[in-house]
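Since the structure comes first, as structure tokens, the remarks are kept for the end.
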Amino acid sequence: MNETRTGTSADLKANVSPLTSYYERHIFFCLNDRKPEEDCCARHAAQQGFDRCKSQVKAAGMDGAGKVRVNKAGCLDRCDAGPVAVVYPDAVWYTYVDNHDIDEIVESHLKNGKVVERLLVPGALGRERASS
């Protein structure tokens, strides 16, 4: 069955608030892999953290429109805190070391909206760059 749409693109955009988000929360995991001499999230089990988060969100029925989206990302430029993930629209940056940390982020923040203070990345921690 084909869905029929009426109205113009402008009409559709006019009915959507700019504050409306397709997902309630969106978590991005840095999976960037750098040269062997450079530190990066990929060398700190970032893929495993992503996989765990995605499976936990799905198992809890929290995935999909209006709920939670778990995404891979390239470099988020917070390498010194790696591995890192960021939750939007909250703009909360996390670091993690194991499945327990990921499970706590899913249960506390993604499900219940409560920030996991112990896993927060310090505000000034970014990526150390070689001086020119």
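The numbers here are math on the coordinates, done by the rules we state, and not lab data. All of these numbers come straight from a predicted model, not from anything done at the bench. Virtual Cβ from ideal backbone geometry, glycine too; neighbours counted across all protein chains shown.
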How are the Cα pair distances of the stretch 20-119 distributed, in percent, across 10 Å bins from 0? 17, 52, 26, 5, 0
In which sequence would Lys35, Lys114 go, from the one with the fewest C-beta neighbours within 10 Å to the one with the most? Lys35, Lys114
Karplus-derived HN-Hα couplings along the stretch 38-44 (A = 6.51, B = -1.76, C = 1.60, θ = phi - 60°), whole Hz, x at Gly and Pro: 10, 6, 7, 5, 4, 7, 10
Once amide H atoms are built 1.01 Å from N in the peptide plane, which residues 5 or more positions from Val92, or in another chain, come under 5 Å H to H? Val87
Measuring from label point to label point, each 7 Å out along Cα→Cβ, what is the Ala60 to Val115 span in nm? 1.8 nm
